[in-house]
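Student: I'd like to ask you about the structure that follows.
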Amino acid sequence: MTISKETTINDQKIVFETGELAKQAHGAILLKMGDTSLLATVVGSDKASNMGFFPLSVDYREKAYAAGKIPGGYIKREARPSEKEILSARLTDRCLRPLFPDGYMNEVQIQIQILSVDKENDADVLGMCAASAALAISDIPWAGPIAGVRVGRVNGEFVANPTYEQLDESDIDLMIGASADSIMMVEGEASEVAEADMLAAIEFGSNVAKEIVKTIEELVELAGKTKREYVVEPIAGELVERIRTDATEKLQECLKLTVKEDRKKALNDFKEEYIPSLEEAFPDATDDIKSVMHDIEKEYTRAMIMKDSRRLDGRDMDDIRHIESKTSLLARTHGSSLFTRGQTQALAVVTLGTKVDEQRMDALEGEYFKSYTLHYNFPPFCVGEARPIRGVSRREIGHGNLAERALKPIIPSDVIFPYTIRIVSEILESNGSSSMASVCAGSLALMDAGVPVKSPVAGIAMGLIKEENDFKVLTDILGDEDHLGDMDFKVAGTKDGITAFQMDIKVRGISREIMEIALDKAKTARLSILDSMNAALPESRESMSKYAPRILTMNIKPDQIGAVIGPGGKVIRDIVDRTGATIDIEDDGTVKIASTEPGAAKMAISIIEGLTATPEAGKVYKGKVKKITNFGAFVEILPGKEGLLHISEIDTQRVNKVEDILSVGQEIEVKLVRVDDSGKMNLSRKALLQSE
């Protein structure tokens, strides 16, 4: 039997159905909005795992058939997840994970499959809603539901779940995950909006989410299963008491060391010495011992902050670590910078390319091209580790996308700067907030490359320690403060406003008050960081690197494109071979010529101008003799355009034989005397000789 509930958001009906599809899953929801349909399923193991962490996996897959397409490639089927699919899966994961019970270690797998798309609405936030509903009706322990909502602002008015067309006109693209009473996750981008506007957008989205949550709760009343019982085996009281008595004081001493390496070494040395001493009394309890020691570390770190207002590295709550910025580090790159904040260091490199370097994106809503990308690399050496490198991780994709969004509002339009831009952020050291360091380094590298950016961008990561009704917000958090704290809230922007943001939490929601304080402190920190960056490079360099391509633009008539390309591309290939330049011609007749050698680009322009020029009667041309006949010679005055130089017009004296004066390949000056209705051209050399 099919059971359904529905609600209406932005004049679009959202329908949740269960009971017909995927009945062997522990929870399954078919969500429909317009012509978009997606299936979310959830299955949970009935046994706890021994992995040492909660094994939750979320997959979001877009089926090609959903858009009436057949996948490309040799195998003609969906392959590894795209960047869009990975980012959408991460959105859902970050909303759902904090609401599982503490200590719950049973494996949970959530799959979201896009079955049909209307190409008007993005299904990512719908996937969050469907996964939430599937979990809520299942027997898996979980403290939801939540709902995902996208918020835009068009003409000053907030819009819930805007269409692609509305997003093109919006200055905010905010995705929010919220429960009935609190905010779980925030992520998105904006066109330099004020903090107050961002808070208003979050509040608007939260209120819309409550409507969807109410609908899911009504569905649970009709179709929800009884939640399964689970037991978290407690650690033996005797072991806990022993460790707390023996180890607390020593662990606290280690945690008072303000240098990360010293603190880490002291903790590891103590654990290597202490843990074996308990093996005889408590055999096979190594994991429990480590867990108790971790709890002591967490409790003391949080107590230091809450009671003493002292952080692990000795800073106050609002202090920013020491910052150093450098540019032009790499001679042959088009732009480079090194941004160091405390023990977090990012090397950013900018490469400028042409239109042929754009990235082709094959999405369900259609194919498009990206002329700006940012890639983020997080090698293991940046945190002093040695581990296998198996391709780009989901974390690297997520952090790179956030940094890319942060810088997107300052990237000049193609009309102003017709280059393809690639930024690569190499994280060389990491102790918190490496994605925001990538934003700072990327901004400086763009300016070093001579890209005419609108304004520099800086980013900061805010943290939170929350104990019941008391809390403290931390500025510029360390890696351990992220790990042991309750929030990681990244905010990037210019001096004029926010350009990107992302919030992850580990508690069951945070209030508007916390968000407001965090945003206010983030603004103060951002402006301070921008001052530091401006001291290194206050504005974009006036000239680009000599190794960057120079792009020159010209326009021809659309009906002349064929003449420049030639049959089978013969003409344009010849121009490229002769000049070494890269040439791209758009349908409207815009021609972009790129070359690292300015002379080569100018030569290509000259050739194209010749190919597209219209011969003018009365004008003098320098031409080449292409063919000789007994009645004259044919002279090419423009590429592909030949005129007749009659034997009587070759010289002021009588010419008996053309070969006496001219030869094939000879360059001569001629005057275009006449162009008849059929386009035939009559030339004269005699007219020029007579005028001398």
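The values are calculated or read from the model by the stated rules, or taken from the named source; none is laboratory data. What you see is a predicted model; the values in this text were computed from it and never measured. All Cβ positions, glycine included, derive from the backbone under ideal geometry; neighbour counts span all protein chains shown.
Each row is one residue, and each column tells you yes or no for (1) over 36 Å from the mean Cα position of the chain (by Cα); (2) farther than 19 Å from Ile477 by Cβ.
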position: Ser291; (1), (2): yes, yes
position: Lys298; (1), (2): no, no
position: Ala303; (1), (2): yes, no
position: Ile320; (1), (2): no, no
position: Thr333; (1), (2): no, yes
position: Ser337; (1), (2): no, yes
position: Thr340; (1), (2): no, no
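Student: For Ala64, all conditions in the list (1) in contact with a helix residue (DSSP H, G or I) (Cβ under 9 Å, 6 or more places away or on another chain); (2) among the aliphatic types (A, V, I, L, M); (3) surrounded by 16 or more Cβ atoms within 10 Å (Cβ to Cβ); (4) farther than 25 Å from Gly509 by Cβ hold save one; what is the number of the exception?
Tutor: Among (1) in contact with a helix residue (DSSP H, G or I) (Cβ under 9 Å, 6 or more places away or on another chain); (2) among the aliphatic types (A, V, I, L, M); (3) surrounded by 16 or more Cβ atoms within 10 Å (Cβ to Cβ); (4) farther than 25 Å from Gly509 by Cβ, the lone unmet condition for Ala64 is (1).
Student: Among the candidates Thr333, Thr344, which residue alone is among the hydroxyl-bearing types (Ser, Thr, Tyr) and touching a Gly at 6+ places or on another chain (Cβ under 8 Å)?
Tutor: The conditions single out Thr344.
Student: Which of the residues spanning the range 49-59 are in contact with a strand residue (DSSP E or B) (Cβ under 9 Å, 6 or more places away or on another chain), of a type in the set (A, V, I, L, M, F, W, C) and without any contact (Cβ under 8 Å) to a residue 60 or more places away in the chain?
Tutor: Hits for the range 49-59 are Met51, Phe54, Leu56.
Student: Still on this model: Consider His483 against the criteria (1) at pLDDT 95 or above; (2) surrounded by fewer than 24 Cβ atoms within 10 Å (Cβ to Cβ): it satisfies all of them except one. Which criterion is unmet?
Tutor: So His483 meets the others, but not (1).
Student: Moving on to the next point. Which one of these is in contact with a strand residue (DSSP E or B) (Cβ under 9 Å, 6 or more places away or on another chain), hydrophobic (A, V, I, L, M, F, W, C) and either closer than 27 Å to Leu662 by Cα or in contact (Cβ under 8 Å) with a residue 60 or more places away in the chain (or both): Ala600, Ala613, Ala563, Ala581?
Tutor: Just a single option satisfies the conditions, and that option is Ala613.
Student: Right, another one. Please enumerate the residues belonging to the range 349-374 that are modelled with pLDDT of 90 or more and either among the hydrophobic types (A, V, I, L, M, F, W, C) or within 23 Å of Val58 (Cα to Cα) (or both).
Tutor: Within the range 349-374, Val349, Val350, Leu352, Leu374 qualify.
Student: Just need a number here: residues in the range 645-687 that are of a type outside the set (D, E, K, R) and not in a loop (DSSP other than H, G, I, E, B).
Tutor: Total meeting the criteria: 15.
Okay, residues lined up against (1) on the phi > 0 side of the Ramachandran plot; (2) surrounded by fewer than 22 Cβ atoms within 10 Å (Cβ to Cβ); (3) modelled with pLDDT of 95 or more:
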| position | (1), (2), (3) |
| --- | --- |
| Thr163 | no, yes, no |
| Ile183 | no, no, no |
| Val213 | no, no, yes |
| Glu221 | no, yes, yes |
| Ile235 | no, yes, no |
| Arg244 | no, yes, no |
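Student: Quick one: count up the residues across the range 413-428 that are in contact with a helix residue (DSSP H, G or I) (Cβ under 8 Å, 6 or more places away or on another chain), over 19 Å from Asp488 (Cα atoms) and outside any loop (DSSP other than H, G, I, E, B).
Tutor: 6
Student: Same structure, new question: With Val125, Val58 as the choices, which residue is crowded, with 16+ Cβ neighbours inside 10 Å, in a helix (DSSP H, G or I) and among the β-branched types (Val, Ile, Thr)?
Tutor: On inspection, the qualifying residue turns out to be Val125.
Student: If a residue has to be touching a residue at least 12 places away in the same chain (Cβ under 8 Å) and in a loop (DSSP other than H, G, I, E, B) to count, how many in the range 234-269 make the cut?
Tutor: Number of matching residues: 4.
Student: In addition: At pLDDT 95 or above, buried (at least 24 other Cβ atoms within 10 Å of the Cβ) and either basic (Lys, Arg) or in a strand (DSSP E or B) (or both): which single residue out of Gly459, Gly442 fits that description?
Tutor: Just a single option satisfies the conditions, and that option is Gly459.
Student: Only one of Ile112, Ile86 is crowded, with 18+ Cβ neighbours inside 10 Å and in contact with a Gly (Cβ under 7 Å, 6 or more places away or on another chain); which?
Tutor: Ile112
Student: Return the residue satisfying two criteria in turn: it lies in the range 478-508 and is in contact (Cβ under 8 Å) with a residue 60 or more places away in the chain and basic (Lys, Arg), and of such residues it is nearest to Ser438 (Cα to Cα).
Tutor: Among those that are in contact (Cβ under 8 Å) with a residue 60 or more places away in the chain and basic (Lys, Arg), it is Lys490.
Student: Looking at (1) more than 18 Å from Ser325 (Cα to Cα); (2) outside any helix (DSSP H, G or I); (3) touching a helix residue (DSSP H, G or I) at 6+ places or on another chain (Cβ under 9 Å), find the lone condition where Ala492 falls short.
Tutor: (1)
Student: Yes or no: Ile668 buried (at least 18 other Cβ atoms within 10 Å of the Cβ), at pLDDT 85 or above and farther than 25 Å from Ile565 by Cβ?
Tutor: Yes, satisfied.
Student: Go through the range 21-73 and give me each residue that's closer than 23 Å to Ala223 by Cβ, under 27 Å from the mean Cα position of the chain (by Cα) and among the aliphatic types (A, V, I, L, M).
Tutor: Met33, Leu38, Leu39, Ala40, Leu56, Val58
Student: Exactly one of these conditions fails for His294: (1) loosely packed, with under 15 Cβ neighbours inside 10 Å; (2) not in a helix (DSSP H, G or I). Give me its number.
Tutor: Single failed check for His294: (2).
Student: Moving on to the next point. Considering each residue of the range 6-48, count those that are in contact (Cβ under 8 Å) with a residue 24 or more places away in the chain, closer than 22 Å to Pro141 by Cα and among the charged types (D, E, K, R), and give that number.
Tutor: Counting residues in the range 6-48 that are in contact (Cβ under 8 Å) with a residue 24 or more places away in the chain, closer than 22 Å to Pro141 by Cα and among the charged types (D, E, K, R) gives 2.
Student: Among the numbered criteria (1) modelled with pLDDT under 90; (2) out of contact with any strand residue (DSSP E or B) (no Cβ under 6 Å at 6 or more places or on another chain), which single criterion is violated by Arg573?
Tutor: (1)
Student: Additional query: Give Asp496, Asp470 a once-over and let me know the one that is acidic (Asp, Glu) and either at pLDDT 95 or above or crowded, with 20+ Cβ neighbours inside 10 Å (or both).
Tutor: On inspection, the qualifying residue turns out to be Asp496.
Student: On to the next question. Identify the single condition in (1) over 30 Å from Thr596 (Cα atoms); (2) buried (at least 19 other Cβ atoms within 10 Å of the Cβ); (3) at pLDDT below 95 that Val507 does not satisfy, given that it satisfies every other one.
Tutor: Single failed check for Val507: (2).
Student: In addition: Based on this model, can you work out whether Gly599 counts as more than 30 Å from His334 (Cα to Cα) and of a type in the set (Gly, Ala, Ser)?
Tutor: For Gly599, the condition - more than 30 Å from His334 (Cα to Cα) and of a type in the set (Gly, Ala, Ser) - is not met.
Student: Might you let me know whether the range 356-372 holds any residue that is in a loop (DSSP other than H, G, I, E, B), within 18 Å of Ser430 (Cα to Cα) and out of contact with any Ser or Thr (no Cβ under 7 Å at 6 or more places or on another chain)?
Tutor: no
Student: For the range 140-161, which positions are at pLDDT 95 or above, of a type in the set (Gly, Ala, Ser) and in contact with a Ser or Thr (Cβ under 6 Å, 6 or more places away or on another chain)?
Tutor: Gly152
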